[in-house]
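Chemist: Handing you this structure, nothing more for now.
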Amino acid sequence: MSIDQKTLINAANILRSSRFTTAHTGAGISVESGIPPFRGEGGLWDRYDSRLLEIDYFMENPAKSWKTIKEIFYDHFGKAKPNPAHLVLAEMERKGMLGRIITQNIDNLHQKAGSHNVFEFHGNSQRLICLHCGKTYDVDEISLDHLPPKCSHCGGLLKPDFVFFGEQIPSEPLNAAYEATKISDVILIIGTTGEVMPANQIPFLAKNNGAQIIEINPKESHFTNTITDIYLEGKAGETMEQLGKILFPASLDNDHDSVNQNLKIHGQ
Ligand code: NAD
């Protein structure tokens, strides 16, 4: 699927002249890194019962929940690498073209790509939290050989530090997201259906405040025919790579450039 060059140039011009751009990313941005989305064709809910991420179910069945959570989020996703979409966003941040990323993803790939201003609406799978004393661990510090894993400090149950169904969104990303709706003149939506509340409200609130909406998704979402101004119908990695070539052409020709370096480091 190739996107018409005029539409890409139009999107690049809006991004270049923006005062403050916020990227709003969902599971689709990581599909080309090998992480399936929840919904749609090949989505996780085709293979797994979504109940396993309900907090009440987890509390009642920690060992059973952990067995599947380990299989999905740690045996497989842990090895995923950022794709060109994550890398171009990181380069945009370095070049002052991107103010912040509000992500619904829990895969840590924005940070792995080099982005700093990342607000995780739904937490991060690479961190575990003790439900008794609140101590957090990097997942690499904890053995997942015996499930459920326990806190080495107090013996409490460890839970992945991402938001389960039935849990509240942490206040820091929530505040950052609502602030972004006021200060952003461009929202770049990448790979989200717009079905998950309250994250799906962010682009609508920003639009109400006058922001322009650019959207990348191979399929139409709840945003496409309601608030999207420029729809780039395509995969995140492929589309962002093309956008990156327009946004920083010299960089991509220069062997020492960080995007190229990153693309090499990550073997893309
Ligand atoms: P979703 O699973 O509901 O939908 C995925 C969206 O991505 C769809 O609109 C689909 O058309 C689009 N898509 C598929 N392939 C794409 C590609 N190559 N490039 C761009 N877009 C593509 O995802 P969502 O709306 O973000 O739902 C959010 C929930 O899913 C969140 O709660 C999030 O925590 C969770 N989730 C996160 C991950 C992750 O961290 N990578 C993975 C699965 C689910």
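Chemist: Name the residues in region 33-42 that are open to solvent by less than 70 Å² (accessible area, probe 1.4 Å) and within 16 Å of the chain's Cα centre (by Cα), would you?
Modeler: Answer for region 33-42, where residues must be open to solvent by less than 70 Å² (accessible area, probe 1.4 Å) and within 16 Å of the chain's Cα centre (by Cα): SER33, GLY34, ILE35, PRO36, PRO37, PHE38.
Chemist: Another question, if that's okay. Consider region 193-203. How many of its residues are open to solvent by 10 Å² or more (accessible area, probe 1.4 Å) and assigned to a loop (DSSP other than H, G, I, E, B)?
Modeler: Total meeting the criteria: 6.
Chemist: For ASN61, state whether it is free of Cβ contacts under 8 Å to residues at least 12 places away in the same chain, more than 23 Å from the chain's Cα centre (by Cα), more than 8 Å from the ligand (Cβ to nearest atom) and more than 30 Å from ASP185 (Cα to Cα).
Modeler: Against the criterion (free of Cβ contacts under 8 Å to residues at least 12 places away in the same chain, more than 23 Å from the chain's Cα centre (by Cα), more than 8 Å from the ligand (Cβ to nearest atom) and more than 30 Å from ASP185 (Cα to Cα)), ASN61 qualifies.
Chemist: Look at region 92-128 and say how many of its residues are within 16 Å of the ligand (Cβ to nearest atom) and more than 16 Å from PHE162 (Cα to Cα).
Modeler: 4
Chemist: To continue, here is another question. Mind listing just one residue for me: the one in region 177-192 that is out of contact with any Ser or Thr (no Cβ under 7 Å at 6 or more places or on another chain) and either more than 16 Å from the ligand (Cβ to nearest atom) or part of a loop (DSSP other than H, G, I, E, B) (or both) and, of those, most open to solvent (accessible area, probe 1.4 Å)?
Modeler: LYS182
Chemist: Another question, if that's okay. Could you list, ordered by first residue, the pairs with Cβ atoms under 7 Å in which the first is in region 175-204 and in the same structural domain as VAL118 (by TED's automatic domain parsing) and the second is of a type in the set (Asp, Glu) and open to solvent by less than 60 Å² (accessible area, probe 1.4 Å), at least 6 apart or interchain?
Modeler: Every condition considered, the pairs that remain are ILE189/GLU215.
Chemist: Only one of these conditions is not met by GLU220: (1) open to solvent by 80 Å² or more (accessible area, probe 1.4 Å); (2) touching a residue at least 24 places away in the same chain (Cβ under 8 Å). Which number is it?
Modeler: In the conditions (1) open to solvent by 80 Å² or more (accessible area, probe 1.4 Å); (2) touching a residue at least 24 places away in the same chain (Cβ under 8 Å), GLU220 misses (2) alone.
Chemist: Now, a different point. Give region 157-166 a look and list any residue that's open to solvent by less than 10 Å² (accessible area, probe 1.4 Å) and part of a loop (DSSP other than H, G, I, E, B), or say none.
Modeler: Hit for region 157-166 is PHE164, nothing else.
Chemist: Still on this model: Confirm whether LEU15 is on the phi < 0 side of the Ramachandran plot, away from the ligand (no atom under 16 Å from the Cβ) and open to solvent by less than 50 Å² (accessible area, probe 1.4 Å).
Modeler: Yes: the conditions hold for LEU15.
Chemist: Here's something else I'd like to know. Would you check if there is a residue in region 28-49 being more than 11 Å from the ligand (Cβ to nearest atom), hydrophobic (A, V, I, L, M, F, W, C), more than 29 Å from ASP185 (Cα to Cα) and not assigned by TED's automatic domain parsing to the domain that holds THR193?
Modeler: The answer is no; no qualifying residue exists.
Chemist: Tell me the strands (runs of 3 or more DSSP E) entirely within region 77-154 that contain at least 2 residues that are open to solvent by 10 Å² or more (accessible area, probe 1.4 Å).
Modeler: Because the criterion is at least 2 residues that are open to solvent by 10 Å² or more (accessible area, probe 1.4 Å), the strands (runs of 3 or more DSSP E) in region 77-154 that meet it are 118-120, 123-130, 136-138.
Chemist: Taking the stated definitions as given, is ASP255 more than 18 Å from the chain's Cα centre (by Cα) and at pLDDT below 95?
Modeler: The answer is yes for ASP255.
Chemist: (1) touching a Phe, Trp or Tyr at 6+ places or on another chain (Cβ under 7 Å); (2) part of a strand (DSSP E or B): which one isn't true of ILE169, the others all being true?
Modeler: It is condition (2) that ILE169 fails.
The values are calculated or read from the model by the stated rules, or taken from the named source; none is laboratory data. It should be emphasised that the depicted structure is a prediction, and the values quoted were computed from it without experimental measurement. Neighbour counts are summed over all protein chains in view; Cβ atoms, including those assigned to glycine, are modelled from backbone coordinates with ideal geometry. The accessibility values were calculated without ligands, DNA or RNA, using every heavy atom of the protein model including side chains. Shrake-Rupley method; radii C 1.70, N 1.55, O 1.52, S 1.80 Å.
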